[in-house]
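Coordinate-derived values only; no laboratory data. Being a predicted model, the structure only gives us computed values, none of them experimental. Cβ placement follows ideal geometry from the backbone for every residue including glycine, while neighbour counts extend to all protein chains displayed.
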Amino acid sequence: MHPVLDDLITLLQLERIEDNIFRGESRDIGGAQVFGGQVLGQALSAAQHTVDDRVVHSLHAYFLRRGDMAAPIVYEVDRARDGGSFSNRRVVAIQHGRPILNLAASFQEPEEGLEHQAVMPDVPTASQCEDILTAESDLVQKMPEKMRRHMADKRAFEMRPVAQEQSAGAAVKAVWLRSVDKLPSNPALHRNLLAYASDYELLGTATIPHDLPFEKGGVIMASLDHALWFHREICIDEWLLYSIDSPNASGARGLARGQFFNEAGELVASTAQEGLLRVVENPRRKRSDPKLQN
């Protein structure tokens, strides 16, 4: 298996300390703090370790503090409920004695029921799209050097943006993604990896209608919450279309919604996230002024 993907799988497995307590490490993917998708994937993994024969169908999380990449993260699981068909778990991710994320996840015994879904957008196939390094080369070149190196050499996922014409004021994005190598046939692993990948590209969609001064360091972006619903079986080592839109930005926050479709057009998962979008007049104040911290 590709070493970067293998390392990510190991990262999501966690170390069991007690029956309901787990510990995870972090990886630097070029950002200033722990990638939110990593904490989501690990928190979901911790919850899954306490549930048998039931499948996660939804999770809801709040990001409370930035994660420290140099310190381990401890995940405490509360077995809130085990009912006849559903189980609920609450997870707190802790670093330096303080919570950095709260997550609630619900699990269900598989059963048949009514079926309908949204229609997959009519976009070019993955084979008709270029890799993100080529398709968005100008944007990639503006990234910090550490992030560019990660994009070029240390990715666990292939990403191919879909070229789309943006109407005035619209905030829409679509990107094909899949893992860089084949994965074991383990449904829980595929869901954990989707939770990780669902934090890619999402909040950035809310910035599309705005000419923001990213190059000057004048924008603060941070995920505040994240919701994810699993609808059908997921194969994240096959192409998935991540179709995203942002219906609103106000109050220094942006809202983004996403849908994952497989190549057969099946809607396999949906997600939503609200995040901080703060334009800073004096970027040098970002670190010293507590009002500029989320």
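For the range 40-99, what class follows from the C-alpha gyration tensor (a ≥ b ≥ c being the square roots of its eigenvalues): rounded when a/c is under 1.5, otherwise prolate if a/b is larger than b/c, else oblate?
Prolate.
If you stretched the chain out fully between ALA170 and GLU263, how much longer would it get, using 0.36 nm times the residue separation minus the C-alpha to C-alpha distance?
31.0 nm
Quick one: dipole size for the chain, taken about the Cα centre, charges +1 on Lys/Arg Cβ and -1 on Asp/Glu Cβ, in debye to the nearest 20.
Here the size comes out at about 1440 debye.
What's the FRET efficiency of VAL55 with GLU281 using the Cβ-Cβ distance as r and R₀ = 45 Å, to the nearest 0.05?
Given R0 = 45 Å and the Cβ-Cβ separation, E is 0.40.
Calculate how large, on average over all directions, the projected area of the Cα convex hull of the chain is; give the answer in nm² to one decimal.
16.0
Calculate, for GLU109 and THR10, the FRET efficiency according to 1/(1 + (r/R0)^6) with r their C-beta to C-beta distance and R0 45 Å; round to the nearest 0.05. Walk me through the intermediate numbers first.
Values: r = 29 Å, r/R0 = 0.65.
In this case the efficiency is close to 0.95.
How far is it, in nm, from the label point at ASN88 to the one at GLN117 when both lie 7 Å from their Cα along the line to the Cβ?
If labels sit at ASN88 and GLN117, their model points lie 2.8 nm apart.
Normalised by the number of residues in the chain, what is the relative contact order in percent for Cα pairs under 8 Å and 6+ residues apart?
Numbers: 595 pairs, mean separation 51.6, N = 294.
Reported relative contact order: 18 percent.
What is the range 197-279 by shape, rounded, prolate or oblate, if you read a ≥ b ≥ c off the alpha carbon gyration tensor as root eigenvalues and call it rounded for a/c under 1.5, prolate for a/b larger than b/c, and oblate otherwise?
It is prolate, given that a/c is not under 1.5 and a/b is the larger ratio.
Under a crude label model (7 Å from the Cα following the beta-carbon direction), how far is ASN102 from ALA80 in nanometres?
Taking the simple label geometry, ASN102 and ALA80 are separated by 1.0 nm.
Bin width 5 Å, alpha-carbon pairs only: give the P(r) of the range 55-136 as whole percents, running from 0 to the bin holding the largest distance.
Spelled out per bin, shortest first, that is 3, 11, 14, 12, 10, 10, 14, 15, 9, 2, 0.
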